[in-house]
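Shown next, in structure tokens, is the structure this report addresses.
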Amino acid sequence: MTIFSLVLYVLAGILVCILYYHISNFLLDFFAKKDSKDSSIRAVIFIAPAFIVLVIFILYPVFETIRLSFFDKFDREFVGINNYIWAVNDPEFRRCILNNLGWLLIVPTLSTFFGLVIANLADRIWWGTIAKSIIFMPMAISFVGAGVIWKFVYDYRGPGDQQIGFLNAIIVSFGLDPQAWITIPIWNNLFLMAIMIWIQTGLAMIIFSAALRGVPKEMLEAARIDGAGELKIFTSIIIPYLQQTILVIWTIITIVVLKIFDIIVAMTNGQWQTEVLANLMFDWMFRGGGDSGRGSVFAIVIMVAVIPIMVLNIYRHKQEQKI
Amino acid sequence: MRKNLLSSIIAQLILLVFVIIWIIPTFGLFVSSFRDKDLLAVSGWWTSLTTTQVNEIHRTLNKDAQIQENNIYMIKANIFDIDKGKKITSFGITSKNINQFLIEEKATLKDGSELTVSENGEYIWKSQIPFKNKKGKRIFITASSPPNFTLENYKEVLFKEGVGQAFLNTLTVAIPSTIIPLIICSFFAYALSWMRFFGRDTLLAVIIASLVVPLQMSLIPLLSIYNDIGALFNVSSKSYPGVWMAHTGFGLASTTFLLRNFIKSLPHEMIEAARVDGATHYDIFTKIILPLSIPAFASIFILQFLWVWNDLLVGLVFLDQVPSEIIITAKLRELLGSRGENWEILTTGAFVSMTVPLAIFFLLQKYFIRGLVAGSVKG
């Protein structure tokens, strides 16, 4: 397709959308009686498109996925909870659960911790704004892009060859053997997690940075006069004060991590025991012609894991709105 | 005082370490994307400002290029197609001994012909009898190459590897996938905030409940709906409008939620006064609410746009992986598989994919941050 036809395509799509609202409201104004100008018809006009999309893309699929999880591969025969039983006994699934748990324990914790430390340091240093910009930048790029960046860092050449991956170059300069980092089972998960931490630390830092401004200055000064060191202030004033924010950030990052997909696909495609739930689900959508029953089971597992954390997050958001 | 100075220095050092660790991977990618591909393959990007030792294999010309001078047959040319300033130190004629001869040294071949190579790549191959070789003779060289930066990788990636087309495809996906939800959700959010209708609170509760649904829950049923529609009209089930609608659906709950929170917070006296004056809801929406909502729109626009631009999963499921539809993240994934060792292509492709997010990041950081902080509810 040429640029011209792409532009036309895009404009047409957007125009249809705008015209719908404009014409339907115009028609309503034209035909409706003056006194009943804002009848419930207008509410329908306003709501209908979003509502239809909501039903088709979210509500119906949720129930359909739940239903499909009780049916066989081709959605022909009711199989009860057989898909679930199969999943529990599936070694791949178990490994995914373990990997996901690892991600859940390590990534949110370290991202939150680094974010807090950096926000705290950067606010007191004259070049802190630039530092924050640099730390925050990975947040803008895609997981796949980040995957390429880090795959290059982890690149491996045989011993004796010139290493072009930064990590191996460092290792070799210390006289150690180069490693094919992303192919070493179990440890490779840590190298993939590092990518996510690299991305999410920026988000944690930005939110902490805003929250830190709320820490009362008098309290910090009083502590300094009493002779408390910076470390002491950090652990006994700042951390307790930011408890709520820490929880918020932890939940946000946890939700992202639970659905992690792109990084694994880009880096290992699930090889070398790095699969996670979202990958397994994607896999089963197409594996062997696609298995809607098993795929649905994995989708439901992800949803069940996300719900409690998301509820906490929304609750927090509503609280914030009230203040 | 001294204690303060010390702690300040320690603080700066720690921060510096973080900054260096954070910037190095991206910086390495950026530098590499401009390096000559032959150099990139044999040396780390941190050496890109120094001279690099390279080993290469070249071929001489074949018999068609020979000339005759004083009963001696000669093939004369330069090994390098383009002069990149490489300086040859030694060469060889068999793969077993690639450093057999120094430059200007005479290498005698099996058939008695003689080959010499100069520092700048020029070679002379002399023989008493006419050359009969159809293919050129292989020459192995060891050369030192000066730093070499080029835009060649970008040319190759954008036009030959199809990343340029993927970039346009991604724009085609991302722009409507951002604007359409913004339009329909703003009307929806307005109705949820200021219009009275049956079941409004229930609807709001449904929206909030939808926030918890990960998009994985929708993929399988949607894929089968798309396939059914495709089969019904005998068209491909994967298309741009299809992916626009999918992104609209997945972004709907969070966009509506955020916009509603904003629209609801606008002063209600203003809206009531307009109502008393006889304005319809449509007038109020277009003439009062929209202009006031621009900053909120900007944040949500950026958030959704980046989300779509950086998405891989939806693009993989709802678009065909063909040149005219593949999005840039899917293209990168494909290149990671097929061109895994060609770092000049991967680094450049990744950097091309990052240009748009980085531009938004540096130009609109304020809105970006606001959107991200507010948008943490996306499911």
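Could you compute how much accessible surface A:His22 exposes when probed at 1.4 Å, giving the result in Å² to the nearest 10?
Here the residue's solvent-accessible area equals roughly 100 Å².
If the only charges are +1 at each Lys and Arg Cβ and -1 at each Asp and Glu Cβ, what is the size of the charge dipole of segment A:14-68 around the Cα centre, to the nearest 20 debye?
Computed about the Cα centre, the dipole is about 100 debye.
Net charge around B:Pro295, counting only other residues with Cβ within less than 14 Å of its Cβ (Lys, Arg = +1; Asp, Glu = -1)?
Combined, the nearby Lys, Arg, Asp and Glu give +2.
May I ask which residue of A:Val16, A:Gln243, B:Ala246 lies farthest towards the positive end of the charge dipole of the protein assembly as shown, with charges of +1 (Lys, Arg) and -1 (Asp, Glu) on Cβ and the Cα centre as origin?
A:Gln243
Among residues other than B:Ala41 whose Cβ falls under 13 Å from its Cβ, what is the net charge (Lys/Arg +1, Asp/Glu -1)?
Details: positive: A:Arg157, B:Arg35, B:Lys37, B:Arg339; negative: A:Asp155, A:Asp161, B:Asp36, B:Asp38, B:Glu56, B:Glu341, B:Glu344.
Result for the local shell: -3.
Going through segment A:163-218, which chymotrypsin sites (Phe, Trp or Tyr not before Pro) have at most 14 other Cβ atoms within 10 Å and a DSSP loop state?
Loop-located and lightly packed - A:Phe174.
Kindly write out, for segment A:84-92 in residue order, the coupling ³J(HN,Hα) from the Karplus curve 6.51 cos²θ - 1.76 cosθ + 1.60 (θ = phi - 60°), rounded to whole Hz, with x marking Gly and Pro.
In residue order, the calculated couplings are 5, 4, 4, 4, 4, 8, 7, x, 4 Hz.
Collect residues whose amide H, placed 1.01 Å from N in the peptide plane, falls under 5 Å from the amide H of B:Ala77; neighbours closer than 5 in sequence don't count.
Those qualifying (amide H under 5 Å, at least 5 residues apart or on another chain) are B:Tyr123.
Tally up the carbon and sulfur contribution to the accessible surface of segment A:2-101 as a whole percent, 1.4 Å probe, everything protein left in place.
Accessible surface attributable to carbon and sulfur in segment A:2-101 totals 76 percent.
I need the P(r) histogram for chain A: all alpha carbon pairs, bin width 20 Å from 0 out to the longest distance, whole percents.
With 20 Å bins starting at 0, P(r) equals 22, 44, 29, 4, 0.
With the convex hull built on the Cα atoms of segment A:14-68, state its orientation-averaged projected area in nm².
4.8 nm²
Averaged per residue, what accessible area in Å² does segment B:154-377 show with a 1.4 Å probe, protein chains only?
36 Å²
Just the number, please: Stokes-Einstein D of segment B:154-377 in µm²/s, Kirkwood Rh from C-alpha pairs, 25 °C, 0.890 mPa s.
127 µm²/s
Is it possible to state the helix-based mean residue ellipticity at 222 nm for chain A, with each DSSP H run of 4+ residues giving -39500 (n - 2.57), the sum divided by total residues, to the nearest 500 deg cm²/dmol? What is it?
-22500 deg cm²/dmol
Just to confirm, what accessible area per residue do you get for chain A at 1.4 Å probe, in whole Å²?
Per residue, chain A has 47 Å² of solvent-accessible surface.
In whole Hz and in residue order, list the ³J(HN,Hα) couplings for segment B:34-44 that follow from phi through the Karplus curve 6.51 cos²θ - 1.76 cosθ + 1.60, θ = phi - 60°; x for Gly and Pro.
9, 8, 4, 5, 5, 6, 4, 6, 10, 9, x
Between the helical axis of B:216-233 and the dominant principal axis of chain B, each derived from Cα atoms, what acute angle in degrees is found, rounded to the nearest 10?
80 degrees
When Lys and Arg each count +1 and Asp and Glu each count -1, what net charge do the other residues less than 11 Å away from B:Leu332, Cβ to Cβ, add up to?
That works out to +1.
Give the average, rounded to an integer, of partner chain Cβ atoms located within 10 angstrom of each Cβ in A:161-170. Can you show the working numbers first?
On the way: counts 1, 7, 2, 12, 3, 7, 1, 1, 5, 0.
The shielding value for this peptide is 4.
For helix B:328-338, report the angle its Cα long axis makes with the longest principal axis of the Cα atoms of chain B; keep it between 0 and 90° and round to the nearest 10°.
The angle comes out near 40 degrees.
When only DSSP loop residues count, what trypsin sites (Lys or Arg not before Pro) in segment A:38-86 have their Cβ near at most 14 other Cβ atoms within 10 Å?
Those satisfying the criteria are A:Arg76.
What accessible area, in Å² to the nearest ten, does a 1.4 Å probe give for B:Thr89?
Roll a 1.4 Å probe over it and B:Thr89 shows about 60 Å².
Please compare each pair in A:Lys132/B:Lys366; B:Lys63/B:Lys126; B:Lys86/B:Lys160 to a cut-off of 20 Å on the Cα-Cα distance and tell me which ones are over it.
From A:Lys132/B:Lys366; B:Lys63/B:Lys126; B:Lys86/B:Lys160, over 20 Å: B:Lys86/B:Lys160.
How much accessible area per residue does segment B:1-40 have, counting only protein heavy atoms and a probe of 1.4 Å, in square angstrom? Please report the intermediate quantities before stating the final value.
On the way: 2280 Å² over 40 residues.
Spelled out: the 1.4 Å probe surface of segment B:1-40, per residue, equals 57 Å².
Only Lys, Arg, Asp and Glu count, each charged at its Cβ (+1, +1, -1, -1), so figure out the dipole size of the protein assembly as shown about its Cα centre, rounded to 20 debye. Please list the in-between numbers first.
On the way: 57 positive and 50 negative charges, 109 e Å.
So the dipole magnitude of the protein assembly as shown works out to roughly 520 debye.
For B:Leu49, what accessible surface area do you get with a 1.4 Å probe? Give it in Å², rounded to 10.
140 Å²
So what's segment B:16-100 giving for Cα Rg divided by 2.2 N^0.38 Å, two decimals?
Against the empirical 2.2 N^0.38 Å value, I get 1.66 for segment B:16-100.
Before we go on, tell me the buried accessible area for the A/B pair, both chains summed, 1.4 Å probe, in Å² to the nearest 100. Let's see the in-between values first.
Working: alone 20100 and 21990 Å², together 32540 Å².
That pair hides around 9600 Å² of surface in total.
Provide a list, ordered by number, of residues in segment A:41-79 showing at least 50 Å² less accessible area with every protein chain present than when their chain is taken on its own, using a 1.4 Å probe.
A:Phe46, A:Ile47, A:Ala50, A:Val53, A:Leu54, A:Phe57, A:Ile58
In Å and on Cα atoms, what radius of gyration and Dmax does the protein assembly as shown show?
Calculated on Cα positions, Rg and Dmax stand at 30.7, 110 Å.
If you build the Cα gyration tensor of segment B:280-335 and take the root of 5 times each eigenvalue, what three semi-axes come out, in whole angstrom, biggest first? Spell out each step's value before the answer.
Working: eigenvalues 261, 32, 11 Å².
They are 36, 13, 7 Å, listed largest first.
About its Cα centre, what dipole magnitude does chain A give when the only charges are +1 on Lys and Arg Cβ and -1 on Asp and Glu Cβ, stated in debye to the nearest 20?
680 debye
Counting only protein chains, not ligands or nucleic acids, how are B:Val276, B:Val31 ordered by accessible area (probe 1.4 Å), most first?
Details: B:Val276 125, B:Val31 20 Å².
So, going from the largest accessible area down, we get B:Val276, B:Val31.
To the nearest 500 deg cm²/dmol, what mean residue ellipticity at 222 nm is calculated for chain B from DSSP H runs of n ≥ 4 alone, each contributing -39,500 (n - 2.57), summed and divided by the residues?
It comes out at -17500 deg cm²/dmol, rounded to the nearest 500.
How big is the Rg/Rh ratio for segment B:259-305, C-alpha atoms only, Rh by Kirkwood, two decimals?
1.04
Using only the heavy atoms of the protein chains and a 1.4 Å probe, how would A:Trp272, B:Trp45, B:Trp309 rank by accessible area, largest first?
Largest accessible area first, the residues go A:Trp272, B:Trp45, B:Trp309.
When N counts the residues of chain B, how does its alpha-carbon radius of gyration compare numerically with 2.2 N^0.38 Å, as a ratio?
That ratio works out to 1.51.
Compute the long axis of helix B:200-210 from its Cα atoms, compare it with the longest principal axis of the Cα atoms of chain B, and write down the angle in degrees, 0 to 90, nearest 10.
Taking Cα atoms only, the helix is inclined about 20 degrees.
Would you be so kind as to identify which of A:Val107, B:Gly371, B:Phe187 lies farthest towards the positive end of the dipole of the protein assembly as shown, taking Lys and Arg as +1 and Asp and Glu as -1 on Cβ and the Cα centre as origin?
B:Gly371
Kindly sort B:Phe368, B:Phe297, B:Phe30 by accessible area of their heavy atoms, largest first, with the probe set to 1.4 Å. Walk me through the numbers before you get to the answer.
On the way: B:Phe368 5, B:Phe297 35, B:Phe30 85 Å².
From most exposed to least exposed: B:Phe30, B:Phe297, B:Phe368.
Count neighbours as other Cβ atoms within 10 Å of each site's Cβ, and list the chymotrypsin sites (Phe, Trp or Tyr not before Pro) in segment A:23-106 that are DSSP loop with at most 15 such neighbours. Provide the component values of the computation, followed by the final result.
Values: sites: A:Phe26, A:Phe30, A:Phe31, A:Phe46, A:Phe51, A:Phe57, A:Phe63, A:Phe70, A:Phe71, A:Phe74, A:Phe78, A:Tyr84, A:Trp86, A:Phe93, A:Trp103; in loops: A:Phe70, A:Phe74.
Counting only loop positions with at most 15 other Cβ atoms within 10 Å, the chymotrypsin sites (Phe, Trp or Tyr not before Pro) in segment A:23-106 are A:Phe74.
Of the cross-linked pairs A:Lys318/B:Lys238; A:Lys73/A:Lys318; B:Lys134/B:Lys331; B:Lys37/B:Lys135, which ones have a Cα-Cα span greater than 32 Å in the structure shown?
As for pairs spanning more than 32 Å Cα to Cα, those are A:Lys318/B:Lys238; A:Lys73/A:Lys318; B:Lys134/B:Lys331.
Quick one: Debye curve from the alpha-carbon atoms of segment B:52-146 only, equal weights, vacuum; give me log10 I(q)/I(0) at q = 0.18, 0.24 Å⁻¹ to two decimals.
-0.77, -1.29
Once the dipole of chain B is set up with Lys and Arg at +1 and Asp and Glu at -1 on Cβ about the Cα centre, which of B:Ile263, B:Val173, B:Ser95 lies farthest towards its positive end?
Farthest towards the positive pole: B:Ser95.
The values are calculated or read from the model by the stated rules, or taken from the named source; none is laboratory data. Quick caveat, the model's predicted, so the values are computed rather than measured. Heads up, the Cβs are rebuilt from the backbone with ideal geometry, glycines too, and the neighbour counts pull from every protein chain shown. Just the protein is used for accessible areas: all its heavy atoms, side chains included, with ligands, DNA and RNA removed. Shrake-Rupley method; radii C 1.70, N 1.55, O 1.52, S 1.80 Å.
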